[in-house]
Amino acid sequence: MSHAIRRARELALDEATVTALRAELKTTADEVVQAIIDEVPSYANALSGRMGGTIRRAVRTALGHYLDLASGNATGGDAGDAAYELGRGEVRDGRSMDALLSAYRVGARVAWRCLAAGAVPAGLPAAEVAKFAELTFAYIDELSAASAAGHADELAARGRAHERHLEHLARDLLADASPDVLRASVQRAGWQPPVSLTAVLLPAAQARPAYRALDPSTLVLDDLPDATGVLLVPDADRSHLSRQLTDRTAVVGPARPWTRASASYARAVRARSLSSDIRDTEDHLPELVLSADVDAFADLRARALAPLQTLPAATARRLEETLRAWLLHQGRRNEMAAALFVHPQTVRYRMSQLRELFPDLASPQRVLELTLAVGRRVS
């Protein structure tokens, strides 16, 4: 309250004037409150009932501190603290700082009119009236500034708390928490559940920049192990999401019901472990299926391709490639030759070898096992 204190020291109302003004304190406070009700729409209902009583007492307290300051008997610190808390309270009650500043402006005008009407008859010299006005408006300005600081600090604190609740919700989703836990987390975070969530895995340093271009309801974590970040994107348009992530090192999981976001995340994690070239897991479903159970896949390959194990390694590799081409091109010799970069006669020769090794080569069960066995290359 440094500016107001300086003005107060220049004024220093005498005791008779202060006593006269204190006698009218309640009336002045009531007029201030009534003017705020009449002129600031946001306070039309807020100043009724118990809340109205609380605010009236706050106005009287502020005016009392003001008179203490004007008489040179206070520093005004308590009033500044109260104004700070008032600013914080306005956030809790859902009102903007603009509404509170409007109330201060109305209050300053009415308070000055009432105080001046009491001070002049009490003997305040005309030469001091201007100083009295300067003190009044300096005091209100500093109360306004204290309230604005309280309002801003409360908004910041609430923003940090909200962000923590959203992060907690994201962790619960990735941990596949129970429905009851998820409902509680959603309520704390004030988050509207979408139909689906799509997990996006990317370096932690890219998580926040990428998040800013996405739906505001996207959940983000950037402190997972191995410097990994994850975004949980609500009801994503997959092609649009891919374009937004073009310049990011990202792996996009499948869309899943929001309560099963952990499944989308798990697939993205597995895709990243499978290959650094995967960006969209939906484009690599065969590889993901075949790598789902590594031991089972190894056993299947060993059994299905056992006849090749009797051959020299180079021959076995050539015949496996030919077998893969036969399955992919459904036995069309010219297409197989083009894929293998060999002459069609070479394809014919190799296929005769394969039919000797696999007498039941065309049987449905054998085709199924061989398709799975050669479905992806194994180093």
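Numbers below:
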read-out	value
In the range 295-314, residue most open to solvent (accessible area, probe 1.4 Å) [restricted to those that are under 21 Å from residue 362 (Cα atoms) and of a type in the set (A, V, I, L, M)]	302
Pairs where the first residue, in the range 291-320, is in contact (Cβ under 8 Å) with a residue 40 or more places away in the chain and within 30 Å of residue 266 (Cβ to Cβ) and the second is assigned to a helix (DSSP H, G or I) and open to solvent by 90 Å² or more (accessible area, probe 1.4 Å), C-beta under 9 Å, 6+ apart	291/273
Enumeration of residues in the range 336-352 that are closer than 30 Å to residue 294 by Cβ and either in contact with a strand residue (DSSP E or B) (Cβ under 9 Å, 6 or more places away or on another chain) or open to solvent by less than 40 Å² (accessible area, probe 1.4 Å) (or both)	336, 340, 350
Unique residue being at pLDDT 85 or above, of a type in the set (Val, Ile, Thr) and within 30 Å of residue 245 (Cα to Cα) when the list is 106, 181, 200	200
Residues within the range 150-186 that are open to solvent by 40 Å² or more (accessible area, probe 1.4 Å) and either in contact with a Ser or Thr (Cβ under 8 Å, 6 or more places away or on another chain) or within 19 Å of residue 255 (Cα to Cα) (or both), tallied	6
Residue in the range 248-259 that is surrounded by fewer than 16 Cβ atoms within 10 Å (Cβ to Cβ) and out of contact with any strand residue (DSSP E or B) (no Cβ under 8 Å at 6 or more places or on another chain) present	no
Subset of the range 187-201 (residues that are touching a residue at least 40 places away in the same chain (Cβ under 8 Å), hydrophobic (A, V, I, L, M, F, W, C) and open to solvent by 10 Å² or more (accessible area, probe 1.4 Å))	195
Residue within the range 260-271 that is open to solvent by 40 Å² or more (accessible area, probe 1.4 Å) and under 20 Å from the mean Cα position of the chain (by Cα) present	yes
Members of the range 185-241 that are in contact with a helix residue (DSSP H, G or I) (Cβ under 9 Å, 6 or more places away or on another chain), in a helix (DSSP H, G or I) and of a type in the set (Gly, Ala, Ser)	185, 189, 204, 205, 210, 227
Candidates 355, 333, 366 - the one that is out of contact with any helix residue (DSSP H, G or I) (no Cβ under 9 Å at 6 or more places or on another chain) and open to solvent by 40 Å² or more (accessible area, probe 1.4 Å)	355
Positions within the range 266-323 being farther than 30 Å from residue 351 by Cα, part of a helix (DSSP H, G or I) and of a type in the set (S, T, N, Q), in sequence order	273, 281
Count of residues meeting criterion [free of Cβ contacts under 8 Å to residues at least 60 places away in the same chain and buried (at least 16 other Cβ atoms within 10 Å of the Cβ)] in the range 24-40	4
First in the range 56-69 and surrounded by fewer than 18 Cβ atoms within 10 Å (Cβ to Cβ), second anywhere and among the aliphatic types (A, V, I, L, M) and outside any helix (DSSP H, G or I), Cβ under 8 Å, 6 or more apart	56/47
Of residues in the range 202-238 being farther than 18 Å from residue 256 by Cβ and hydroxyl-bearing (Ser, Thr, Tyr), the one most open to solvent (accessible area, probe 1.4 Å)	211
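The values are calculated or read from the model by the stated rules, or taken from the named source; none is laboratory data. Small disclaimer: the values here were computed from a predicted structure and weren't measured. Cβ coordinates were reconstructed from backbone atoms using ideal geometry, including for glycine residues, and neighbour counts include every protein chain displayed. Ligands, DNA and RNA are stripped out before the accessible areas are found, and what is left, the full protein with its side chains, is counted by its heavy atoms. Shrake-Rupley method; radii C 1.70, N 1.55, O 1.52, S 1.80 Å.
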